[in-house]
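Any read-out appearing in this document is the output of simple, stated calculations on the displayed coordinates, not a laboratory observation. Nothing here was measured: the structure is a model prediction, and the numbers come from that model. We place every Cβ from the backbone using ideal geometry, glycine too, and count neighbours over all the protein chains shown.
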Amino acid sequence: MNCSNTVGAVASRYAFLLQQLCSPRQTPLSAYLARTVHAHAVASGFNLRGPILNRLIDIYCKSGRLRHARLLFDEIPHPDIVARTTMVTAYSATGNVNLAREVFGGTPKGMRDTVFYNAMITAHSHDNDGNAAIRLFCEMQRDGFRPDNFTFTSVISAVGLVAESEKHCQQLHCVVVKSGTGFVTSVLNALVSAYVKVALSPLVALPKSVMGSARLLFDEMPVKDELSWTTMITGYVKNDDLDEARELFDGMEEKLVVAWNAMISGYVHRGLLQEAFKMFKKMYLSGVQFDEFTYTSIISACANASFLLLGRQIHAYILISGPKPKPGLHLPVNNALLTLYSKCAKLDDARLVFNKMRVKDLVSWNAMLSSYVNSGRMNEAKEIFQEMPEKNLLTWAVMIAGLAQNGLGEESLKLFNLMKLQGFQPCDYAFAGAITSCAALGSLKSGRQLHSQLIRLGFECSLSAGNALITMYGRCGVVGDARNLFLTMSVVDSVSWNAMIAALGQHGHGVQAVELFEEMLKEGILPDRITFLTVLSACSHAGLVEEGHRYFDAMHDIYGITPGEDHYARMVDLLCRAGKFSDANDMIGKMPFQPGPQIWEAFLAGCRNHGNMELGIQAAERLFEMIPQNDGTYILLSNMYAAKGLWDNVSRVRKLMRDQGVKKEPACSWVEAENKFHVFMVDDTAHPEVNAVYSYLKQLVLEMRKLGYVPDTRFVLHDMESDQKEHAISTHSEKLAVAFGLLKLPRGATVRVFKNLRICGDCHNAIKYISKVVGREIVVRDGKRFHHFKDGECSCRNYW
DNA sequence: ATAGGGTTAG
């Protein structure tokens, strides 16, 4: 650009500055220079002319001062086509298509040229508006402008966005050939890239054949540059054909960073982490500089493979790598690091990265949110959720599922409704969270409603929602519904099988649970450690000692799963319930690690059931050492003494508990009736209809006594007069909830009662009699297990 | 004054 005349005219001391200004290199200083010159010109009343004006506009645009550029542009009486093109390009690059259109439309046709049209076509293409780009392409030809290389590359890059784009690609290919640009590498590159985009469209029936067209074009290109190779390679990666991509990649002479990145990200995406790491190493050895995209992919690989150490090393490498490319400031890199630490359960490191980030997006917030949720720190999760500047479907889903899994079912359901109120259509993942809450709360009614909503929305084939529904039906006491769903689901995975086996096991159908497990094996589904936990629980619930032993051995010997403490605890539970204490002791002795609380809790519970005082006390002592704040130990021990009438010992345990400052979790039971939950505490006086419940219970007890019911006052924990004991026992929360359910639910309907702690032995016996007196089915869930009472019997074995 | 390739969170 020659501007020596103007230089002299403005002011000689600006000569150097203006020369700098006119150099085509854009530096951070350019914007400052532009402002200085501009201000000086205004102050001295000098009219800047043509090329200098355009240069100023260009600099303002490129340094993000769009408003300055526009002001200058508006001041010019007759902006030439170059100035107009610069404005259109600047608006397009900043996502202001409407403003670009305005400048374009305000330009008379006589003034336009091909470059101007090209800029506008590019603007539409950046705006993902393929149709507008094509329309303008046709319009310019009608107006007599011949498309050039630039026109073709722009319009071709836009057709990938249009529904009938395969046709368009072919048509454009013809036009290109006729126009004589059929040998131009940049045009052909664009065409290859367009075919790749088309192949990715879900509307295309045969993506492979479209990729074939792209490949043919690539193979027949007269001159290929690195971009041609890279386009073809990334095309294959995007279309999930890593083998083809790799073959081309290996044949490439000068491998661009982008090609390396595409290969690595492809492997990570496919879960081929070993390959990704190998590639990364090769890239390092080849001397190609990593960039932000390399780091994001390889950190993500570390996160998925739980390679915390390598991830940390790369993090360090990023921090010390020179100031030129600043990957440490790149948002996706930081998001990947955040995910790495989150997945490796390094919450503090994740928080550190999060706090240091100057710019955060939804991804960052969601990643931080899920790391709190996954580690069960719901208070911090709630804080993050509140603070977030915006939320998306995933945010809601993660929070709803997180509350559900951490025992905050009611809050979770509230949030699910709030989500809908705020105009979000819940995805299947959010549904799964809400359904999990219904499972925990025992809200069969809401669960069923959610199920029908899912069907209406067409989500019924969703695995996560389906699996949640199986669990929900199981945990709400309707195993039949769980089974029906399981049988009709079009796709199931190991989680579905696990959920179904668990449902059967929890309801005491141990034999059926084991049969289903065998069926799972026959179908060729690999059991995981959860499957074995579930199966062992089912065996224990149903007293299947031999089967339990067999599966425990098979887990390790056949399926190569090392039993954890939880698996050993299930075995101890199974053996103790069956009264085989010496076998249980042998099992503990064989463990490759020190027995933890889970083991001794199972042991203590077994001792309590069988009245094995000596071993029970030993187990309790271990637990006092390990988890002194756990109320369960004190309760079990004190129950055990109470059952034998050793009241002195009972009060010693209670005193110990007081001295240690341990509080018993208050027992409560609830029942769903008349569209809401009714919660009862022991000796409840808070519920509005409690008087009716007490008088109905009194009536029931008279009938029950006729059939032989005798209150079992061993389950009263305090030493008191026997009639007081009887009163204490008759007001247990589960009895109140059962009576209330019988009063309120429709005639003949099954009463489903839920209790947070384990059911008391007398209540267990009493409810058997109640079921006989009223001739109705009563289901009680205490913790995780179910008791089905019918005709004076209970389905469970070995429970008391 | 204008064009063509890559990345992230459940």
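Table for the structure above
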quantity	calculated
Sequence ranges A:221-227, A:635-641, ranked by mean other-Cβ count within 10 angstrom, highest first	A:635-641, A:221-227
Net lengthening on full extension, A:Asp659/A:Met591 (0.36 nm per residue, minus Cα-Cα)	21.1 nm
FRET efficiency for A:Arg705 and A:Ser452, using Cβ-Cβ distance with R0 set to 41 Å, rounded to 0.05	0.40
Neighbour cut-off at most 16 other Cβ (10 Å), DSSP loop, trypsin sites (Lys or Arg not before Pro), the stretch A:371-405	A:Arg377
Student exercise, chain A dipole from Lys, Arg, Asp, Glu Cβ charges, in Debye to nearest 20	1700
Sparsely packed GluC sites (Glu not before Pro) within the stretch A:515-549, loop by DSSP, other Cβ within 10 Å at most 13	A:Glu523
Shape parameters for the stretch A:118-261, alpha-carbon atoms, Rg then Dmax in Å	14.9, 47
By average C-beta atoms within 10 angstrom, highest first, the peptides A:345-357, A:498-510	A:498-510, A:345-357
Residue order, fewest to most surrounding Cβ atoms within 10 angstrom, among A:Val258, A:Val653, A:Val710	A:Val710, A:Val258, A:Val653
Radius of gyration and Dmax over the Cα atoms of the stretch A:668-794, both given in Å	13.4, 40
For chain A, calculated [θ]222 nm from helices alone, where every DSSP H run of n ≥ 4 adds -39500 (n - 2.57)	-21000 deg cm²/dmol
Computed label-point distance, nm, for sites A:Ile76 and A:Leu526 using a 7 Å Cα→Cβ extension	6.6
Charge context of A:Trp229, other residues only, Cβ under 14 angstrom, K/R +1, D/E -1	-4
Cβ-based charge dipole, the stretch A:536-655, positive-most Cα from A:Leu623, A:Ser582, A:His541	A:Leu623
In Å, descending, principal axis extents of the Cα set of the stretch A:277-319	26, 22, 16
For A:Trp229, A:Trp647, order by how many other beta-carbon atoms lie within 10 Å, fewest first	A:Trp647, A:Trp229
Calculated FRET efficiency for the pair A:Val223/A:Met111, C-beta based, R₀ 41 Å, to 0.05	0.70
Pair A:Thr750, A:Lys790: separation of 7 Å Cα→Cβ label points (nm)	0.8
Convex hull volume per residue in cubic angstrom - Cα atoms of the stretch A:159-214	64
Sequence ranges A:784-794, A:442-452, ranked by mean other-Cβ count within 10 angstrom, highest first	A:442-452, A:784-794
Binned Cα-Cα distances of chain A, short to long, each 20 Å bin given as a whole percent	12, 33, 28, 17, 9, 1
Coil-residue GluC sites (Glu not before Pro) of the stretch A:625-696, DSSP, other Cβ within 10 Å capped at 13	A:Glu674, A:Glu689
Residues A:Tyr317 and A:Leu743, FRET efficiency given R0 of 56 Å [Cβ-Cβ distance, rounded to 0.05]	0.20
Nitroxide proxy distance, nm - points 7 Å out along Cα→Cβ at A:Glu625 and A:Ser695	5.7
Neighbour-count order for A:Tyr694, A:Tyr473, fewest beta carbons within 10 angstrom listed first	A:Tyr694, A:Tyr473
